[in-house]
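Written out below as C-alpha cells is the structure these notes cover.
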Amino acid sequence: MNKQPIAIIMAAGMSRRMRPVTSTPKALLPIAGKPLIVHQLESLWAAGVSETAIITGYKEGEIYSCLSNYPLKCAVQFISNPEYETKNNLYSLSLAGEHLSSPFMIVNCDLIFDYRLIERILGLGRSGIAYQGKSCGLEEMKVTISGEKVTKIGKEISPEKAQGEAVGVTFFKDKLPLFIDRLNELSADSSYSNAFYEASFDRYLEQGEMFAADSSDLPVMEIDTPEDYDVAIKEIAPRLMLKESTQ
C-alpha cells in the first residue's frame, strides 16, 4: 500500500469567537461524547492516515493531557508555537517544515467531519482542497474554481465570485518546493504575521496544481462560534459515519 501523507492539525489558535461561552480550545470541544480532535484523529486513521503532527499554542497543556487519556491508534507528535498570541496560522504552519518535504495534509482543528472527507480528497490522486458549494459571506474562506481546479482561495474573494467555501482540509501531494518556498518567504515577512496559511497557496494555484474536492454531500462543518457549535452537535454529529481502518 502506498504510504499515506502525514496530517498536520492546526490547533494553536485562541478560539476568541467562542468566548464568553467557553475558553476551552476548540480542539477540545466535546461532541458526541469525545473531544473534537479525537474525532479528527479517529477519522484520519480510518481513512488510512496514521501519522499526525499537531501544532499547539493556546492552552496546549490541556490538549496534551486530553490526548494522553485516549488510546489513539495513530502516531501523534506535537509542535509548539510559542508566538500563538501575536502570529496567525501561516507562521504556525511554517514551524512544521520537517514534515513538508513529503506529501502532507493540513487539517484545521475546528472542523467536524468523518473518514469520508479524507478518503474523498485523497481519492483525487493529486493535490486538492476540500470545499462545499454554497453561498458565502465575507468571513468565509472562499474559493473560485475553473473546471476541476481551484484558481483562488481567500476571505478577500467577493462572495458573488466564489463557488463555495474551503472547509479546512488541504492535501499537497507533489511539487512541494513550489509551496514550501512561498510559505517560508511569507513567514519571514513581518507584514504577514497575521496572515492565514492559505495566503501561501497563491503560486501553487497559479501553476494550476490544486484540484477541487467537493464535499457538499458530506457531514462537514467548521466551528467558529457558539452558534456553529450548537449546529454541529444537533445536525452534523448524528450524520457522522464510523469505519474500521484496514491498516
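Taking strands (runs of 3 or more DSSP E) that fall entirely within the stretch 137-241, which contain at least 1 residues that are without any contact (Cβ under 8 Å) to a residue 60 or more places away in the chain?
Ranges flagged: 142-146, 149-154, 164-172.
Suppose we keep only residues that are modelled with pLDDT of 95 or more and in contact with a strand residue (DSSP E or B) (Cβ under 7 Å, 6 or more places away or on another chain) within the stretch 205-219. Which one would you say is surrounded by the fewest Cβ atoms within 10 Å (Cβ to Cβ)?
Filtering first and then ranking leaves SER216.
Which residue is nearest to PRO103 (Cα to Cα), if the candidates are limited to the stretch 43-69 and must be out of contact with any strand residue (DSSP E or B) (no Cβ under 8 Å at 6 or more places or on another chain) and of a type outside the set (S, T, N, Q)?
GLY48
Condition first: charged (D, E, K, R) and modelled with pLDDT of 95 or more. Can you find one or more residues in the stretch 61-74 that meet it?
Yes: one or more hits.
Which residue out of VAL49, VAL76 is free of Cβ contacts under 8 Å to residues at least 40 places away in the same chain, surrounded by 14 or more Cβ atoms within 10 Å (Cβ to Cβ) and under 17 Å from the mean Cα position of the chain (by Cα)?
VAL76
For ASN89, state whether it is in contact (Cβ under 8 Å) with a residue 60 or more places away in the chain and either of a type in the set (Ser, Thr, Tyr) or in contact with a helix residue (DSSP H, G or I) (Cβ under 6 Å, 6 or more places away or on another chain) (or both).
Considered against the rule, which asks whether it is in contact (Cβ under 8 Å) with a residue 60 or more places away in the chain and either of a type in the set (Ser, Thr, Tyr) or in contact with a helix residue (DSSP H, G or I) (Cβ under 6 Å, 6 or more places away or on another chain) (or both), ASN89 comes out as yes.
If the requirement is being farther than 23 Å from ALA7 by Cα and either crowded, with 17+ Cβ neighbours inside 10 Å or acidic (Asp, Glu) (or both), which of these qualifies: GLU139, GLU165?
GLU139
So LYS26 clears everything in (1) among the basic types (Lys, Arg); (2) closer than 23 Å to GLU83 by Cβ; (3) surrounded by fewer than 20 Cβ atoms within 10 Å (Cβ to Cβ) except one condition, right? Which one?
It fails just one condition, (3).
Identify, by number, the condition in (1) touching a His at 6+ places or on another chain (Cβ under 9 Å); (2) over 23 Å from TYR229 (Cα atoms) that ALA32 doesn't meet.
With (1) touching a His at 6+ places or on another chain (Cβ under 9 Å); (2) over 23 Å from TYR229 (Cα atoms) applied to ALA32, the lone miss is (2).
Please count how many residues of the stretch 46-82 are of a type outside the set (Ser, Thr, Tyr), in a loop (DSSP other than H, G, I, E, B) and out of contact with any Gly (no Cβ under 8 Å at 6 or more places or on another chain).
Of the residues in the stretch 46-82, 9 are of a type outside the set (Ser, Thr, Tyr), in a loop (DSSP other than H, G, I, E, B) and out of contact with any Gly (no Cβ under 8 Å at 6 or more places or on another chain).
Starting from residues that are of a type in the set (Gly, Ala, Ser) and within 18 Å of the chain's Cα centre (by Cα), keep the ones in the stretch 169-202 and report whichever is surrounded by the most Cβ atoms within 10 Å (Cβ to Cβ).
SER200
Between residues in the stretch 4-22 that are in a strand (DSSP E or B) and residues that are among the hydroxyl-bearing types (Ser, Thr, Tyr), which pairs lie under 8 Å by C-beta distance while being six or more apart or on different chains?
Hits for this filter: ILE6/THR52; ILE6/SER102; ALA7/THR52; ILE8/THR52; ILE9/THR52; MET10/SER92; MET10/TYR197; ALA11/THR56.
The values are calculated or read from the model by the stated rules, or taken from the named source; none is laboratory data. Here the structure is a predicted model, which is why all the values come from computation and not from measurement. Note: ideal-geometry Cβ built from the backbone for every residue, glycine included; neighbour counts use all protein chains shown.
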